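Worksheet: one structure, shown below.
No value in this document is a laboratory result; all are computed from the given coordinates. Keep in mind it's a predicted model, so treat the numbers as computed, not measured. Here Cβ is always computed from backbone atoms with ideal geometry, including for glycine, and neighbour counts include all displayed protein chains.
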Amino acid sequence: MEIVRKPAGQRGFSVITRRWAVERTLARLTACRRLARNYERDPAISEAIIRWAAIAGIARRLTREKSATRQQRYVLDQPTY
């Protein structure tokens with residue numbers, strides 16, 4: 001694992017290498033309702049729930065009939081007068 005830091009002297013936003021992959025993975029795991037809050041006392045249980053959520057997500061993506069696509073934006077028709 002490598003820690004990627006912001007370049008020295010950088011102001012404003014810029015894309016940091018491979019950070020999107022980590023953020024996407026964490027977002028998918030957080031989508032699991034049980035992981036939204038951590039009420040577990042034993043870290044082993046928390047780890048098991050994270051593994052369960054990751055396996056469920058991978059299985060869902062593998063069994064999907066078609067590849068994932070972005071949902072099209074719904075645009076209201078402009079009335080003609």
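Brief remarks on what is shown
- Residue count for region 1-51, restricted to those that are of a type in the set (Phe, Trp, Tyr) and either touching a residue at least 12 places away in the same chain (Cβ under 8 Å) or in a loop (DSSP other than H, G, I, E, B) (or both): 2.
- The set of residues in region 1-44 that are of a type in the set (Val, Ile, Thr) and more than 24 Å from Ile58 (Cα to Cα) comprises Ile3, Val4, Val15, Ile16.
- Test: residue in region 25-37 that is surrounded by 10 or more Cβ atoms within 10 Å (Cβ to Cβ) and basic (Lys, Arg): yes
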